[in-house]
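The values are calculated or read from the model by the stated rules, or taken from the named source; none is laboratory data. Quick caveat, the model's predicted, so the values are computed rather than measured. A quick note on method: Cβ atoms are made from the backbone with ideal geometry, for glycine too, and the neighbour counts reach across all protein chains shown. Calculation scope for accessible area: heavy atoms of the full protein, side chains included, ligands and nucleic acids excluded. Shrake-Rupley method; radii C 1.70, N 1.55, O 1.52, S 1.80 Å.
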Number of protein chains: 2
Amino acid sequence: MNFPTPEAAESAFYAAFEARSLDAMMAVWSDDNVIACIHPLSAPLNGVAAVAAGWRSMFEAAGQFRIQVELAHEIREAGLVIRIVREYLIVGQETEPRPPILATNVYRRDADGWHMALHHASPLQVGGTPPARMPPVVLH
Amino acid sequence: MNFPTPEAAESAFYAAFEARSLDAMMAVWSDDNVIACIHPLSAPLNGVAAVAAGWRSMFEAAGQFRIQVELAHEIREAGLVIRIVREYLIVGQETEPRPPILATNVYRRDADGWHMALHHASPLQVGGTPPARMPPVVLH
């Protein structure tokens, strides 16, 4: 698929995600193997084969859901656009979205249009768990 | 500060992080307000003032620690370089690192050298919590 803008690629990404269509999903990604995909709380998947395998197992495990996306921040350069979005999933017949997932989406301009190069998704909160990087204790 | 390469900016970033020096940290970041910083399980901070405030409160709360960084993946374009790294924190007198944090670091070439434009950090695991985005149930 040829996407004329990063926004067109992003719309196709979330449409493929909702439809749980592996073909539509992989059509959004750049095909040159520098791609990387990080699902929430998961190790990075590098390259086309690993990224596709990750989506395949996710789609096989998932039931029906909808996704609402909200842009939080954007960085635009000539051939690369970075969009930080909040993803709100509404699962099955639920009426309220789950707590948001934060995603950094990177789109690159290839010879034939814009494609996704990186998707880094992470939870904004996990139960009552506080941020893990900095234990708030003085240790010295 | 003028950093001749993204790698030089990244070294300075983690040195400032270990030293808990706000001045050294903010010298690594681009100063043009398109910057964004996502600490683990936290909402995005956009712009210089918010990013600085986030590091200040983290540094005030933290004790002594060291960070080891391992490159997982890289995407290089003319004016923008994206490095996905694993961060291993060794806290205080502990001898083993904590479970790794995954970070997407974006560096941009400004008029005066390379600076950080985005830091998105997220845990690779939180206790025994499974990935939150896709509940493995068939709902329809």
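Things worth noting here:
- Projecting the Cα atoms of B:His119, B:Val91, A:His119 onto the charge dipole of the protein assembly as shown, computed from C-beta unit charges around the Cα centre, puts B:Val91 farthest toward the positive end.
- Three-way shape label, region A:1-136, alpha-carbon gyration tensor, a/c 1.5: prolate
- Placing a label point 7 Å from Cα along the Cα-to-Cβ direction at A:Ile90 gives distances to the equivalent points in the other copies of 5.0 nm, listed shortest first.
- With only the Cα atoms considered, region B:1-66 has a convex hull volume of 91 Å³ per residue.
- Among the residues of B:88-97, the average count of other protein chain beta-carbon atoms within 10 Å of the residue beta-carbon is 2.
- Shortest-first nm distances, A:Ser21 label point to equivalent points in other copies (7 Å, Cα→Cβ): 5.4
- For region B:25-45, residues shielded by at least 40 square angstrom of accessible area compared with the chain on its own, probe 1.4 Å: B:Val34, B:Pro40, B:Leu41, B:Pro44
- Segment A:Glu7..A:Asp32, full-extension length gain: 7.0 nm, with 0.36 nm per residue of separation and the alpha-carbon distance subtracted.
- Interface area, A with B, accessible, probe 1.4 Å, both sides summed, Å² nearest 100: 5000
- A simple charge model with +1 on the Cβ of Lys and Arg, -1 on the Cβ of Asp and Glu and nothing else charged puts the dipole of the protein assembly as shown at about 480 debye relative to its Cα centre.
- The apolar share of the surface of the protein assembly as shown, taken as the fraction of accessible area on carbon and sulfur atoms (1.4 Å probe, ligands and nucleic acids excluded), comes to 53 percent.
- Burial annotation for region B:58-75: residues with an accessible-area loss of at least 20 Å² between the isolated chain and the complete set of protein chains, computed on heavy atoms with a 1.4 Å probe, are B:Met58, B:Ala61, B:Ala62, B:Gly63, B:Gln64, B:Ala72, B:His73, B:Ile75.
- Per residue, the accessible area of chain B comes to 42 Å² when a 1.4 Å probe rolls over the protein heavy atoms.
- Computed log₁₀ I(q)/I(0) - Debye formula, equal Cα scatterers, no solvent, the protein assembly as shown, q 0.08, 0.16 Å⁻¹: -0.32, -1.30
- Residue of chain B with the smallest Cβ distance to the axis mapping B onto A, distance rounded to whole Å: B:Ser122, 2.
- Seen through its C-alpha gyration tensor, with square-root eigenvalues sorted a ≥ b ≥ c, region A:53-118 comes out oblate because a/c lies at 1.5 or above while a/b is not bigger than b/c.
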